[in-house]
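The values are calculated or read from the model by the stated rules, or taken from the named source; none is laboratory data. Note that the structure is predicted; figures quoted are calculated from it, not measured. Note: ideal-geometry Cβ built from the backbone for every residue, glycine included; neighbour counts use all protein chains shown.
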Amino acid sequence: MISKDSEIIKRHKNPFGIFVRIFIYPLIAYGVWTHNACIIIIGCVMEIFNWRFMPPVEYTYSFIQDIVTIELNWLNACNSVLKTVSIILLIVFVIFTVIGLWFHLIQLIVGGFVSLIAFNVLMNKIGKI
């Protein structure tokens, strides 16, 4: 069980860290698309630094707080069929997107993002219970 008061959650709430991801994820995607290991590693290191060294915050924007609350509720929810399906959808998103970017297969990239949308729908449903 992950507490809302844990250090990593306080870092996750930092608005600067959230907005930096707008650049990190496309950087990693570009690295995968171009098969450039250096860019992929730089993006992954930036993301690790974002999770590990971003200053924690007590208070954040209300929309960020709402999202983090839903994420925590989802993480801490009991195992159920819906949660298992949502985890599978998240894994499908990662696999389809990475393979799609690597081999330049738009259909897989789209399929990955469709599974991400479905995951978010289920996560919100589970997280608001």
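Key figures
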read-out	value
Thr69 being within 17 Å of the chain's Cα centre (by Cα) and within 22 Å of Met1 (Cβ to Cβ)	yes
Residue that is nearest to the chain's Cα centre (by Cα), among those in the stretch 72-97 that are over 17 Å from Lys128 (Cα atoms) and of a type in the set (Phe, Trp, Tyr)	Phe93
Members of the stretch 47-66 that are among the acidic types (Asp, Glu), surrounded by 10 or more Cβ atoms within 10 Å (Cβ to Cβ) and more than 15 Å from the chain's Cα centre (by Cα)	Asp66
Unmet criterion (only one of (1) outside the structural domain of Leu122 (by TED's automatic domain parsing); (2) aromatic (Phe, Trp, Tyr); (3) out of contact with any Gly (no Cβ under 8 Å at 6 or more places or on another chain)) for Phe103	(1)
Count - residues of the stretch 95-129 that are assigned to a loop (DSSP other than H, G, I, E, B) and touching a residue at least 24 places away in the same chain (Cβ under 8 Å)	3
Some residue of the stretch 14-22 being part of a helix (DSSP H, G or I), of a type outside the set (Asp, Glu) and in contact (Cβ under 8 Å) with a residue 40 or more places away in the chain	yes
Only one of Trp51, Trp74 that is in a helix (DSSP H, G or I), in contact (Cβ under 8 Å) with a residue 12 or more places away in the chain and in contact with a His (Cβ under 8 Å, 6 or more places away or on another chain)	Trp51
